[in-house]
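Report on one structure; see the data block that follows.
We did not get these values from a lab; they are worked out from the coordinates using the rules stated. In this text, all values refer to a predicted model and were calculated from it rather than measured experimentally. FYI the Cβ positions are ideal-geometry reconstructions off the backbone, even for glycines, and counts take in every protein chain you see.
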Amino acid sequence: MIKSFRKLFFGKDLDNTPILNSALKNQIVNLKKIWENEHHNDTGLERIFRLFLIVIQFVFPGIYIREFFSRKGLTFKNLSIELYVLLKLIYPILVFFLGVSNTIYAVTLSIYFLVETVTYISSLVFTSDLKYQSRSANRTILLLFINYLEISLQFSVLYAGFNMLSASAVTGVDYIYFSFVTSASIGFGDIYPITQAGKILVCCQSFLLVIFIVLFFNYFRGKKIDN
């Protein structure tokens, strides 16, 4: 049983060779490369945005998870990142299950996770000249799909936490339903935003996820074809 379980997660080989390159040091090196224009002669808004995407990663747990589990090998590093991504996916569902979507702590954490996901995905594209090395394009696309689901779920917590939707939105399922309908740009009209902030948030979500699909999925699909 244990052998089968191990085979399920680790496959044929377990690569437990420590990764010598520190995730934190690599991030600092990447910051210096952008600052010195070593790989890409960016200017203006592009340069500021690229610097922002590198610096903000120090605020989130992802880089520290990679740093810690890199010492245990590539397999454990990859699995730890996947587990973290899944935990962020489950978090909004857990918030609604526990009935704490109206608390400031739940909403703040959703915003925190949402910003981390969006900025990290953006960094994969806008700083790809520095660090993007995919061992498996299929894995990258799978994680991006999970990120897409997570973003929609995190928005549902914001709609509920700030009480932005019509009275027909009562349960957590209602808020999740509205968020996914918004993500798909369908808009049935049975549930709708009733505040100015809610309308702005709907616009942000629609714009973000259309860009997510068009830009990011096509970008990494191109990477897969190239490989």
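Quick rundown of the values:
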item	result
Rough spin-label spacing in nm, given labels placed 7 Å along Cα→Cβ, for PHE207 and SER168	2.7
In sequence order, calculated HN-Hα J values of the range 31-41 (Karplus, 6.51, -1.76, 1.60; Hz; x Gly/Pro)	4, 5, 5, 5, 4, 8, 6, 6, 10, 8, 8
Over 31 Å (Cα to Cα) - which of LYS77/LYS199; LYS33/LYS199; LYS25/LYS88 fall in this group	LYS77/LYS199; LYS33/LYS199
